[in-house]
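In what follows, a structure is listed as C-alpha cells, so that the remarks can point back to it.
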C-alpha cells in the first residue's frame, strides 16, 4: 500500500457577500427539504474526472494506469476516490489495478482544510461554495437527484486573462457513512476493489462510461446572454464565464428534475462576491 501525500489545500469560505442577510443572497426553492450537504463527520466514495476549459474530457494520466489496461483499451475515464470529512477533508485517490492488485489497491492521499459552510441547507439542489482567494480556486457542492449523492465542481481561475485554467475537476460522490473515518479506510489491510465498488454504488457506476461525453449546457436563458463561454459537464452541471473591464464572472449550476440551482460568482480586485437563485427548466 502506497500513501503519497500531496500536502494540505486550504479552502477558506466565501464570506464577502453574505454580510447580514443570508436570505437576500440566496433564494429558497419551493419544494420540500429532502437532503443535507453537511460535510461534517461523513465519508463519501465516487469518481474524480477532469476536463479542459471547453468541457472536453481529459484522460486519466497514463502513468496511473497499468500497462495491461492501456493495451486492452480499458483505461478508466476517472479515478475512484474515497473522501472523509469533518473539519478536514481527507481524500484517498485509488489507483487502477489488475489481477492480484485488486485485493490491495494503491492510493494517493491528500488533505484539504475546510471551514463550516456559511450556507448549509436541506433544500433540494442545495449548494455550498468555497473560495480560496490566494489561488482563485472555487468549489461548488450540489446535491444530485439520488439521495445522499452529490457533485463537486472545482474551478481554477486565471484573473489576469479572465478565464479558467485546466484542469476542471468534477467529483461525483455517494455518502457511505455518517461518521468520518478521517482518511483511515486504507489503513491496516488496505482497500480492495470489491469494497470500493460497493461504496460507489450502482447509480454512480452506471454514469462512469459517460464521463467522457460532451454535455449540453442547461437553462442558459436565465443568464440573458451575459455568458460568452459555456459548456456542460456530466451529472447535469453547467459552467459559464465571462470577463469585462472590471470583473470576472462565473456561473455554475446543477440541474435536478425541472429545476436548476445557479451560483454566480464575481471577482473584482481579487475580492469575490456571489449570489444564487433557483431556475425552472422549461425545455
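The values are calculated or read from the model by the stated rules, or taken from the named source; none is laboratory data. Just so we're clear, the structure is a prediction, and the values are computed from it rather than from any experiment. All Cβ positions, glycine included, derive from the backbone under ideal geometry; neighbour counts span all protein chains shown.
Below, the figures for the structure above:
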item	result
Residue check for residue 95: modelled with pLDDT of 95 or more, over 16 Å from residue 139 (Cβ atoms) and touching a helix residue (DSSP H, G or I) at 6+ places or on another chain (Cβ under 7 Å)	no
From the options 183, 190, 198, 162, residue that is free of Cβ contacts under 8 Å to residues at least 12 places away in the same chain and touching a strand residue (DSSP E or B) at 6+ places or on another chain (Cβ under 9 Å)	198
Test set (1) at pLDDT below 90; (2) over 14 Å from residue 164 (Cα atoms); (3) surrounded by fewer than 20 Cβ atoms within 10 Å (Cβ to Cβ) - residue 260 fails condition number	(3)
Some residue of segment 148-171 being over 25 Å from residue 110 (Cα atoms), part of a helix (DSSP H, G or I) and under 20 Å from the mean Cα position of the chain (by Cα)	no
Check on residue 169, touching a residue at least 40 places away in the same chain (Cβ under 8 Å) and within 18 Å of residue 155 (Cα to Cα)	yes
Flag if residue 259 is over 18 Å from the mean Cα position of the chain (by Cα) and in contact (Cβ under 8 Å) with a residue 40 or more places away in the chain	yes
Segment 112-134, subset assigned to a strand (DSSP E or B) and buried (at least 17 other Cβ atoms within 10 Å of the Cβ), residue modelled with the lowest pLDDT	114
Any pair with Cβ under 6 angstrom, 6 or more apart, that starts in segment 98-113 at a residue that is in contact (Cβ under 8 Å) with a residue 12 or more places away in the chain and at negative phi and ends at one that is exposed (fewer than 14 other Cβ atoms within 10 Å of the Cβ) and assigned to a loop (DSSP other than H, G, I, E, B)	106/2
Test: residue 153 is at pLDDT below 90, under 19 Å from residue 50 (Cα atoms) and buried (at least 22 other Cβ atoms within 10 Å of the Cβ)	no
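Matching residues to (1) modelled with pLDDT under 90; (2) surrounded by fewer than 17 Cβ atoms within 10 Å (Cβ to Cβ); (3) assigned to a loop (DSSP other than H, G, I, E, B); (4) under 16 Å from the mean Cα position of the chain (by Cα):
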site	(1), (2), (3), (4)
209	no, yes, no, no
221	yes, yes, no, no
227	yes, no, yes, no
238	no, no, no, yes
250	no, no, no, yes
253	no, no, no, yes
277	yes, yes, no, no
282	yes, yes, yes, no
